[in-house]
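> My questions all concern the structure below.
The values are calculated or read from the model by the stated rules, or taken from the named source; none is laboratory data. Just so it is clear, the model here is predicted, and its values are computed rather than measured. Cβ sites come from the backbone with ideal geometry, for glycine too, and all protein chains shown count toward neighbours.
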Amino acid sequence: MRLFAAIDLPADVAESLAAVLPGDGRLRYVPSGQWHVTLAFYGEVTDSVVPELEARLARAATRTPELRLHLEGGGCFPPGARRARVLWCGVAGDVPALARLAERAVAAGRRCGIDIGDRPFRPHITLARARDHAVNLRSAVETLSSYESREWTADQVHLVRSNLGPPTSHERLRSWALCSAPGRLPDGAGG
């Protein structure tokens, strides 16, 4: 099964962002209900690995405080809005703690024997992909440059199964609460 670890957006934050996106027939937009911050992409994982991965993600969640996040700005991949394939919105707020959670989620996969690349963590929401070939996304990036959502508390991490389509769908397999008291970890969760 194709798996990733993620943090979801509140529905009202996703609605606010969807309202500012420009319509562009050259892009295939990701449904707003599927927008998320990917912490670690595991790819195809055998069923036998899932219990250990779940246990390690549970541990990572208990070691991470709840996060205050908001969406801010945007850009494209590859960088350079003239020949891009992916439009994204940035994530701001408790980014250092979010990056540590991503590191823990990646480490959880590696300790289970999952081959995960060394791509640096760039917190973002993937909004759309070019339908056929690279396109000029300068106008869309400019629209997102002044966008900022309300702040929200991310309090859970999810293990998600991606079912490739059409249409692609996401199914939460498990969720774990982040530590609710910043600076205080549950008994036995240190280090």
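> Could you list, in sequence order, the residues of the range 27-47 that are surrounded by 13 or more Cβ atoms within 10 Å (Cβ to Cβ) and not aromatic (Phe, Trp, Tyr)?
Residues satisfying the conditions are 27, 30, 32, 33, 34, 36, 37, 38, 39, 40, 43, 45.
> Sticking with this structure for a sec: So which of 123, 65 ends up being surrounded by 17 or more Cβ atoms within 10 Å (Cβ to Cβ), within 19 Å of residue 7 (Cβ to Cβ) and over 16 Å from the mean Cα position of the chain (by Cα)?
Criteria check complete, one pass: 65.
> Is the range 25-33 home to any residue that is part of a helix (DSSP H, G or I) and of a type in the set (Lys, Arg)?
Checked the range 25-33: no residue is part of a helix (DSSP H, G or I) and of a type in the set (Lys, Arg).
> If you don't mind, another one. Any idea which of 175, 162, 149 is within 24 Å of residue 53 (Cα to Cα), touching a residue at least 60 places away in the same chain (Cβ under 8 Å), polar (S, T, N, Q) and touching a His at 6+ places or on another chain (Cβ under 7 Å)?
162
> Looking at 71, 57 in this structure, which one is in contact with a strand residue (DSSP E or B) (Cβ under 7 Å, 6 or more places away or on another chain), modelled with pLDDT of 95 or more and over 17 Å from residue 144 (Cα atoms)?
57
> Among 89, 76, 112, which is the only one that is in contact (Cβ under 8 Å) with a residue 24 or more places away in the chain, buried (at least 18 other Cβ atoms within 10 Å of the Cβ) and over 16 Å from the mean Cα position of the chain (by Cα)?
After ruling out the rest, the residue left standing is 112.
> Still on this structure, I have one more. Using the structure shown, decide if residue 104 is surrounded by fewer than 19 Cβ atoms within 10 Å (Cβ to Cβ) and not hydroxyl-bearing (Ser, Thr, Tyr).
no
> So which residues in the range 92-101 are crowded, with 20+ Cβ neighbours inside 10 Å and under 24 Å from residue 45 (Cβ atoms), if there are any at all?
98, 101
> Same structure again: Pull up the range 6-24, narrow it to residues that are buried (at least 18 other Cβ atoms within 10 Å of the Cβ) and in a loop (DSSP other than H, G, I, E, B), then point me to the one that is farthest from the chain's Cα centre (by Cα).
Within the range 6-24, the match that is farthest from the chain's Cα centre (by Cα) is 21.
> Is there any pair linking a residue in the range 20-47 that is within 20 Å of residue 123 (Cα to Cα) and at pLDDT 90 or above to one that is of a type in the set (D, E, K, R) and buried (at least 18 other Cβ atoms within 10 Å of the Cβ), with Cβ under 6 Å and at least six apart or on different chains, and which?
Every condition considered, the pairs that remain are 36/8.
> Continuing with this model, one more query. Going by what's in this entry, would residue 59 be described as over 16 Å from the mean Cα position of the chain (by Cα), over 20 Å from residue 120 (Cα atoms), part of a helix (DSSP H, G or I) and touching a residue at least 40 places away in the same chain (Cβ under 8 Å)?
So residue 59 passes the test.
Residues checked against (1) of a type in the set (Val, Ile, Thr); (2) within 19 Å of residue 153 (Cα to Cα); (3) touching a Phe, Trp or Tyr at 6+ places or on another chain (Cβ under 7 Å):
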position	(1), (2), (3)
28	no, no, no
33	no, yes, no
43	no, no, no
46	yes, no, no
67	no, yes, no
